[in-house]
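These notes concern the structure reproduced below.
The values are calculated or read from the model by the stated rules, or taken from the named source; none is laboratory data. Computed from a predicted model, the values in this text were never measured in an experiment. All Cβ positions, even for glycine, are placed from backbone atoms using ideal geometry, and neighbour counts span all protein chains on display. We work out accessible area using only protein heavy atoms, side chains counted, and drop any ligands, DNA or RNA first. Shrake-Rupley method; radii C 1.70, N 1.55, O 1.52, S 1.80 Å.
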Amino acid sequence: MHRKFALIVITLLSLSACSNDEVEVDNYDSARDYFTFANTDQFVTEHLALDLTADFDAEELRGFAMLTMRRLDGAATEVILDTRDLTITSVAVLQSGNSLSADFRSGEAHDSLGTPLFISVPSDIGEQFDLMIEYNTSPKSTALQWLPPELTAGGKHPLMFSQSQAVHARSWVPLQDTPAIRITYEATVRTPESLLAVMSANNDPLTPRTGEYHFDMPQPIPSYLLAISVGNLYFAPLGEDTGVYTEPELLDASVYEFADTQAMLELAEKMYGPYEWGRYDLLVLPPSFPYGGMENPRLSFITPSLLAGDRSLVSVIAHELAHSWSGNLVTNATWRDGWLNEGMTSYFESRLMEVIYDVKRVDEERVLMYRELLLDLEEVPEHMQALAPRLDDTTSEDFQGGIHYSKGQLFLEYLEKAFGREAFDEFLTSYFKEFAFGTITTEQFLDYLEANLLSQEGSPVTREQAEQWTYQPGLPEGTPIPQSENLDSAEALAIAWAEEKVDLAEIPFAEYSPQAKIHFINSLPADLAFEKLAELDEGLGLSETQNAEIGRTWFIQVATRRYTDAYEHMEVHLSRFGRGRLIAPVYRALAMNGEDLELASEIFARARGAYHPLTAAWIEGGLNRAAN
Ligand code: BES
Ligand code: ZN
């Protein structure tokens with residue numbers, strides 16, 4: 001089908017998908033990636049060689065990308081690549097030592113997908129050839145943030161980092177930006193002399209700081225795992241195969257906080273098979289990093305908001321590490337199958353945390369996750385509540401809230417409960433082995449599940465039941481509901497205290513985990529008097545907490561209840577953190593409380609300079625929606 005025509009059909013499909021009774025329309029191509037322009041049925045990239053200079057003054061990367069291509073369709077003469085805000089200077093086709101300049105043109109820009117780049121290749125080009133593309137990025141690159149020294153921990157050197165997932169790799173490299181294909185890569189990166197470059201590749205902790213760095217990534221990865229950072233970065237080991245890169249000012253705190261990383265890695269291997277990537281390091285970034293963590297292979301990118309001083313937020317590390325199997329080794333074929341990455345990883349994360357810490361702590365985290373899922377289900381439209389919903393090119397990146405994480409995790413816990421932990425672990429181990437370095441769809445997962453578990457005689461789960469999880473909204477019957485005695489008790493005490501039946505001093509907060517405090521705060525009745533909020537704030541030091549998740553919970557309540565005594569501290573929270581999860585819901589609560597939309601916009605105007613452009617756009621979208 002002609003591409004433009006296909007896009008129109010998809011747009012129509014998306015409109016019809018909004019009405020419930022049309023969800024069954026059946027010409028939906030579930031294996032198709034609606035977020036790329038690349039014609040991967042005709043050409044696929046096998047290897048990428050980058051030679052880039054990081055220019056902090058111009059805020060751009062500049063240089064060459066050489067793509068080693070394989071032609072799958074002998075009649076095809078046009079390669080289509082994804083780009084976004086890139087300036088393409090020249091394109092050459094290379095084959096057996098010959099270089100031919102190639103005709104190329106950019107297509108029309110699409111709001112969220114960027115701009116297709118059409119490159120003509122000779123009809124007799126043969127099966128394999130290279131494309132040499134000379135280009136530079138724009139300061140507007142949606143993947144790259146160029147931080148001035150003031151926005152770093154040290155305050156003296158600039159720092160740049162990338163965030164490619166889901167569709168932003170194309171804003172720093174012209175390529176086929178789809179998880180459906182995998183590439184190996186190598187890179188030369190030139191930087192100002194005092195700075196260090198790191199990538200999602202074979203970083204050498206002992207590399208001399210020369211301003212020219214070489215990388216190799218011999219394992220094939222999907223494009224969203226391409227990653228780079230340049231800054232005043234130093235390394236400290238955490239264990240034999242693990243370590244952390246960050247600015248020197250954060251190095252000691254990071255080593256303390258993430259001390260369990262090596263143990264997590266060893267445990268994960270015992271559970272689900274060999275770690276296929278060599279080293280596992282962390283990169284702790286400045287506060288504007290938009291996520292909690294990003295599973296860039298060999299080098300997870302991490303928010304500094306995890307540095308609580310008590311290791312209470314390290315489930316994010318377990319999560320990013322777990323992606324080394326679920327996501328990086330076995331990859332969702334398209335973003336519609338995102339639950340295979342995120343749901344399976346959330347399940348795996350909990351399993352790691354149970355052993356490294358204890359079941360009680362993980363049950364607390366499960367209950368918090370379940371509570372957030374119920375809130376998400378109230379807001380996410382039904383057709384987006386399936387684990388594998390119907391997507392199209394108009395779907396935004398946060399199309400499911402957190403549903404593919406939490407509902408995905410519950411689906412796997414449901415299967416675990418039905419088949420027993422041992423059998424289910426065996427299943428997952430063989431799943432990772434079977435699909436290693438591959439990309440798979442929800443349907444392939446279901447087929448594999450059926451062949452290995454569901455088709456057993458007397459199987460407690462039918463394919464139909466499994467498909468209810470993947471294709472239907474809400475939570476199926478038999479959903480395992482997380483339980484935690486600790487949180488039940490925190491909830492009961494929150495209500496009793498609100499009703500003046502117990503004193504604050506009688507509540508054993510000293511023994512509470514951060515998760516229990518969060519649940520306590522979330523369990524307070526809506527009409528609680530401000531004197532009580534003040535008593536709680538003072539008693540627990542909530543407005544000045546060092547724990548970013550407690551702060552998040554508290555300031556959502558502060559904004560929802562218009563507890564103005566804590567507004568100054570709330571603004572400190574909103575300017576201190578840039579991780580979307582920590583701030584966007586606070587802005588939203590402010591904007592929705594009926595009085596403070598303007599204040600929310602004012603605070604945002606003051607703070608946005610320090611935010612990542614993706615986070616800023618997310619918050620701005622929320623404020624605009626609240627205004628209309
Ligand atoms: N891969 C995700 C981050 C992501 C998802 C980036 C979708 C872009 C698009 C990462 O592994 C993740 O899930 N991070 C979470 C961690 C949490 C669930 C433990 C986050 O940032 O909050
Ligand atoms: Zn994840």
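Quick notes
- Heavy atoms of the protein chains alone define the surface here; on that basis the chain has 40 Å² accessible area per residue at 1.4 Å probe size.
- Derived scalar couplings between HN and Hα for region 436-453 equal 3, 6, x, 10, 9, 9, 4, 5, 5, 4, 4, 5, 5, 4, 5, 4, 9, 10 Hz in order, rounded to whole Hz, by the Karplus curve 6.51 cos²θ - 1.76 cosθ + 1.60 (θ = phi - 60°), x for Gly and Pro.
- Set of lysines near LYS417 by C-alpha distance (under 21 Å), chain-local residues within fewer than 8 positions excluded: LYS270, LYS360, LYS407
- Between the beta carbons of ASP204 and ASP130, assuming R0 = 22 Å, the FRET efficiency works out to 0.25 to the nearest 0.05.
- Loop-resident trypsin sites (Lys or Arg not before Pro) (DSSP state other than H, G, I, E or B) in region 486-551 with no more than 14 further Cβ atoms inside 10 Å of their Cβ: LYS501.
- Cβ charges +1 (Lys, Arg) and -1 (Asp, Glu), total dipole of the chain, debye: 1160 debye
- Förster radius 30 Å - calculated FRET efficiency between ALA423 and GLN472 (Cβ-Cβ, nearest 0.05): 0.75
- Label sites at ASP527 and MET592, each approximated as a point 7 angstrom past Cα along Cα to Cβ, lie 2.2 nm apart.
- Selection from ILE583, GLY126, THR152, by position along the positive dipole direction of the chain (Cβ): GLY126
- The string of couplings for region 332-341 from the Karplus curve (6.51, -1.76, 1.60, θ = phi - 60°) is 4, 5, 9, 5, 5, 8, x, 5, 5, 6 Hz, one whole number per residue in order, with x for Gly and Pro.
- Amide H contacts of GLU78 (H built 1.01 Å from N, in plane; Pro and chain starts excluded): VAL121 sit under 5 Å, all sequence-distant by 5 or more or on other chains.
- Note on ALA75 and VAL502: the model spin-label points, each 7 Å out from Cα along the C-beta direction, lie 7.5 nm apart.
- For region 354-366, backbone phi angles converted through the Karplus equation (6.51, -1.76, 1.60; θ = phi - 60°) give residue-by-residue couplings of 4, 7, 5, 10, 8, 4, 4, 4, 5, 4, 4, 5, 5 Hz, Gly and Pro being listed as x.
- Estimated from helices alone, the mean residue ellipticity of the chain at 222 nm is -11500 deg cm²/dmol (sum of -39500 (n - 2.57) over DSSP H runs with n ≥ 4, per residue).
- Cleavage-rule hits, GluC sites (Glu not before Pro), region 84-181, DSSP coil, Cβ neighbours within 10 Å at most 16: GLU108, GLU127
- Dipole magnitude of region 333-444, debye to nearest 20 (Cβ charges: Lys/Arg +1, Asp/Glu -1, about Cα centre): 280 debye
- Each of THR303, VAL316, ASN341 was placed along the dipole of region 223-344 (beta-carbon charges, centred on the mean Cα), and the one lying farthest toward the positive end is ASN341.
- Checking every one of the GluC sites (Glu not before Pro) in region 410-457 against DSSP loop status and a limit of 16 other Cβ atoms within 10 Å picks out GLU457.
- Accessible area of region 345-479 belonging to carbon and sulfur atoms, whole % at 1.4 Å probe: 47 percent
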